[in-house]
Structures are given as C-alpha cells and as structure tokens.
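Encoded as structure tokens, here's the structure I'll be asking about.
The values are calculated or read from the model by the stated rules, or taken from the named source; none is laboratory data. Just so it is clear, the model here is predicted, and its values are computed rather than measured. When the accessible area is computed, the model is the full protein with side chains, heavy atoms only, and any ligands, DNA or RNA have been set aside. Shrake-Rupley method; radii C 1.70, N 1.55, O 1.52, S 1.80 Å.
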Amino acid sequence: MLYVGQGEPMQNAIGKEVPALYDDEMYHMYIEYDVDLAHEYLAKAGMTEMGDDGFFLGPDGEPFAFTVQATDSFGFSDRAEMVTNQWRLRHQRYAVGQLIACCPHKDSNEHDVHVWGAAPARMSSRIRLSLFPANGESAFAQAWVTWYTNRTGEGALTPPEEPPAEVQHQMELYDQIKATKYPSCKIS
C-alpha cells in the first residue's frame, strides 16, 4: 500500500537489502492494479453475473464475499478497513470484505485474507512465518502446520493434512537450516 506517493509497490518478499536472496520477479509479483484483469479472473472462476446491488454473484448464485482478518497492531486493521471500503465504494465492486479482529478465525481456517506485518528485508536463521507454514503463527495452511509439527493431530485445532511435495521440500530445507550450527552458513 502506498501513502501519498511514499514507498514502493512490492510483494512480501525478501527485499533489495539482502542481495544474495533478492529476486526482482518475486519482489514485484502481483502488484499491478488492473480491474479488467481482476474481472477476467473472476469470470474464469465462474463469476460473471452481478446481483441487484452491483456485486458479483458466486457460481452458486449467492453474493461473492470473503472474510478479511487483520491485527489491530501497527495500524493494520485501519489499512485493511480502508482497502475493504475501497472495494465496496469504487469500481472494484466484485467483493464484499468483512473485517474481523485478529486472530480467532486463523486457527480454524475461517478467513480468506489475513493482514499482518512482516519485515521482508530481515533474514535470519528463524524462518519468516508469513512465507512458510512452520508453526501456529502462520496465517494459512494450518492443516499443513499440524502435519509438520504434530502428525497425530492430538490436541490440534486443525487436523493434519499432508502437504504437496513442494511444501514438504520447504519443510526439509527449513529443518536443515535449523540444524545448521555454523553462523557463516546462515543468511542474516
């Protein structure tokens, strides 16, 4: 999000401050503002009809809506509210956002969008929870978190679900990072 021309549009990716891990394509991925492209993707998902209120209807004929969950910390809930109001009031009338306080719905996967902060430029031996479902602080993929941390699922709010091979590979790499004893082998 940009404020009065301050800042740079970017994805929550590793920043330019860490050249060894910076990837320009990932840094700028999905940041363009294109209402027509958004409508194209909605049509591919079966949402081509609008209701009387001007909002898109889902493939089931019901109004298309999703839940936005935001933390009250650092002004994120204010930012999320501003964005959902823009969705309602501007030409992007394809979604109705419901803003809820963070984070009661996360653990049971009852949210669609999660607004949280991250420090993209900082890397350490600790994995960035916003990019990898490593533990209960992860915003999404709680079933994968349970599989990674508690295969039996005993006492978990979300039952375990085996992630795809690519995600399992991330988990294996993360285990290797955690096991690395030499600081020179870690990127910070």
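Per residue, how many Å² of accessible area does segment 20-67 show with a 1.4 Å probe?
I get 72 Å² per residue for segment 20-67.
Figure the gain on full extension for Gln168 and Glu49 (residue separation times 0.36 nm, minus the Cα-Cα span) and round it to one decimal in nm.
So the extension gain works out to 38.9 nm.
Multiplying the sequence separation of Asp72 and Asp36 by 0.36 nm and subtracting their Cα-Cα distance, what value in nm do you get?
9.8 nm
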